[in-house]
Every structure is written in structure tokens, then in C-alpha cells.
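Supplied in C-alpha cells, the structure appears directly below.
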Amino acid sequence: MAAAAAGAIAAGSGAAQTSEARIDAHHHMWRYNAKEYDWIEGDPTLAKDFLLPQLREVAKSAGITGFVSVQARTITEETGFLLDLAAKEPLIKGVVGWVPLTEAGVNKTLEKFAGNKKLKGMRHVLQGEPDDYCLRPDFNNGVRALLKAGLRYDVLIKEQQLPNAIKFVDMHPKMTFILDHIAKPKIKDHIVSPWKENMKELAKRQNVYCKMSGMITEADHKKWTPKDLEPYVMGTLEAFTPKRIMFGSDWPVELQAAPTYKKWFDTISGLLGKLSAAEKQRIFSGTATEAYGL
């Protein structure tokens, strides 16, 4: 795959597909208030509502036919909020929510959502936790509860957390994991190692998929170019291959580093421009459909 990946990197713009499905496997929605979204810290780009009208607008701009909505608050109510929106909007094909995985009563919490076909997985924001948080027994008991409930787990980490994430994944060989934002490498500083080597090691686990998302917010927000992203696109392709890579936007967070949703879509489409039609289909719809059971 390494040679194929090398040929795939072609900076530019344009749609990756013209008539087939396009799934954005990672976006957020919120009704903004400063207390519940304290991580936004008053950023004027994000400190506003992003709801169904805005979602439909960005879908139209890039020909997106489906979305996976991902939690942005660490409260159980976030899961219900996203599922309520999904019930109203056919564009939302799946939801990744939040439940308190470290609590003994997590099974009962999960039962509240049993039977909702649009609930596909859960996520806890590990990037803000100690590097070994994912190895805690109570946290792993919660992940086992997700498996029992037929759900997946989204792994949001920074690149220095990859070694412990590998140990974590090895504890759950039957669980489906989806790695968010290619593990947030140090793109702004143009540092590739040891991220690249750790990604290759993680990718040896066939139950792990990877979202090609969130990259431009790890770059210089004002000065990034597609060339800055090439080593990380290359490294992800070499590690996971298109079979286990899916497109995601991280909208609206990506607006911190791009003027529009379509800017990111065109950027990643250009970087993947020389992949075969079948490989593009996997990245832009097939992988997400398989991994999340859309």
C-alpha cells in the first residue's frame, strides 16, 4: 500500500465523487451556551448555534448525503439531544453520544437508549485526561458495557497518547474502535515521528478504523497549506489503507482554520486525488457505512 499511497498525494481541489454517497463521519451540533461548552472559551467563530439549518447548508455546499453526529458535551443529556435531532433529519445517519463510562450504573444508563437505531457509538474525550486514563479498570468496564450493547467506541486522543491507546485496544479485541482526527499529530510543528510509527502499530489491529478529520485545526490556522498535510495523509494511508479510513470534517470546529466547510472538503479531495475510484468510495462513504453500521 505504501507505493499506492505515495501516488495518491496530489494537492489541489475538486469533488472526490460526483454521484455516489458522501458520508461525513464526524461533525458536531450545539445550541451554544458558555457553561455547557466551556471548551469553546468564547471563540467568536464557534460561540453560536450550529443546528439543523446550518447542517443542511454545509451538506448542500459539498454534496454530503449523510453525517455521523458526535458528542460535544460530557453529559448524558448530550446523547438524547443528538438523537432527537437525528430523528428530525434524514441526513443524520448515526450518533456517537456520551455516557459516564466509569460509573457502576453505566449499563442502566445505556438501557435508556436501547433500540434507537441511530445510536452507533459513544465517546469520552480522552485527549483531556491523563495518558493512562484509558487503562483504568472502571473505564474499561464501561467499554465492555458498550460492546454488550452493540455500540462502538470513538477514540479521541493526542499523538503522545497512542502507546497507551494501543494497550487499551488490545484489551478489547472484539470491540470496534474508530480513531478520531488521525490521533492529532503535531502538524503545526511539522513533526511526523513517532506519530507515524505508532499509527502503523495501531493499524495492525483490524478492529480499528481511522477518521481523516480534524487535521487543519492541528496546523497553523492562518498559514496552513495542503502541502503541510501531505505527510500526515500519507502516513494515515500507509497505516490504515483506504479500507479502514473514513472522511470527516470536524465541522464546525474546523472553521477555526478554514473559511468554509467546502474548503476542507476540497482540500482533502485534492490530497486524495490520485486514488482509484474504489478507494475514494471507501474513504468517502464505504468505510463509515461499514464501521458504524449505517
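What follows is calculated from the coordinates using simple rules that are stated; it is not laboratory data. Everything numeric in this text was worked out from a predicted model, so none of it was measured. Heads up, the Cβs are rebuilt from the backbone with ideal geometry, glycines too, and the neighbour counts pull from every protein chain shown.
Give the long-range amide H neighbours of residue 152: residues separated by 5 or more places, or on another chain, with amide H under 5 Å away, using H modelled in the peptide plane at 1.01 Å from N.
Under 5 Å from the amide H of residue 152: 121, 122.
Further question on the same structure: Placing unit charges on C-beta atoms (Lys and Arg positive, Asp and Glu negative, everything else neutral), compute the dipole magnitude of the stretch 180-227 about its Cα centre in debye, rounded to 20. Before the final figure, lay out the partial values.
Details: 11 positive and 6 negative charges, 19 e Å.
Charge dipole, the stretch 180-227, about its Cα centre: 100 debye, nearest 20.
Sticking with this structure for a sec: Please list, in order along the stretch 276-284, the HN-Hα scalar couplings obtained from phi with the Karplus expression 6.51 cos²θ - 1.76 cosθ + 1.60 (θ = phi - 60°), rounded to whole Hz, x for Gly and Pro.
Taking θ as phi minus 60°, the curve returns 5, 4, 5, 5, 5, 4, 4, 5, 8 Hz for the stretch 276-284.
Suppose only helical runs count, i.e. DSSP H with n ≥ 4. What mean residue ellipticity at 222 nm does that imply for the chain under -39500 (n - 2.57) per run, divided by all residues and rounded to the nearest 500 deg cm²/dmol? Before the final figure, lay out the partial values.
On the way: 11 runs with 104 residues, N = 294.
Calculated at 222 nm, the ellipticity per residue is -10000 deg cm²/dmol.
Place +1 on the Cβ of every Lys and Arg and -1 on the Cβ of every Asp and Glu in the stretch 23-292, take the dipole about the Cα centre, and give the residue among 179, 74, 94 whose Cα lies farthest towards its positive end.
Of the listed residues, the answer is 94.
Take the Cα pairs of the chain, get the Kirkwood Rh, then feed it into Stokes-Einstein at 20 °C and 1.002 mPa s and tell me D in µm²/s. Mind dumping the intermediate values first?
Numbers: Rh = 19.0 Å.
Answer, rounded: 113 µm²/s.
Going highest first, how would you order 213-224, 197-208, 31-42 by mean Cβ packing within 10 Å? Working shown, then result.
Values: 213-224: 18.7, 197-208: 16.1, 31-42: 12.0.
Ranked from most to least packed, the peptides come out as 213-224, 197-208, 31-42.
Report for the chain the percent antiparallel among DSSP-assigned beta bridges with both residues inside it, nearest 5. Write out the running numbers ahead of the final one.
Working: 1 of 26 bridges.
Close to 5 percent.
Which of the pairs 158/196; 48/118; 120/211 have their Cα atoms more than 24 Å apart in this structure?
On the way: 158/196 13 Å; 48/118 26 Å; 120/211 15 Å.
Long pairs (Cα-Cα over 24 Å): 48/118.
Can you spot the aspartates and glutamates whose alpha carbon is less than 19 Å from residue 112's alpha carbon? Ignore those fewer than 8 places along the same chain.
77, 78, 84, 103
Check the straight Cα-Cα distances from residue 188 and name the aspartates and glutamates below 15 Å, setting aside those fewer than 8 residues away within the same chain.
The qualifying aspartates and glutamates are 159, 218, 220, 228, 230, 254.
With each pseudo-label sitting 7 Å past Cα toward Cβ, what's the residue 43-residue 201 distance in nm, one decimal?
The two pseudo-label positions are separated by 3.0 nm.
What is the distance, in nm, between label points placed 7 Å from the Cα along the Cα-to-Cβ direction at residue 188 and at residue 65?
In this crude label model, residue 188 to residue 65 measures out at 3.8 nm.
Something else now. Taking 7 Å along the Cα-to-C-beta vector as the label spot, tell me the residue 108-residue 277 distance in nanometres, rounded to one decimal.
5.5
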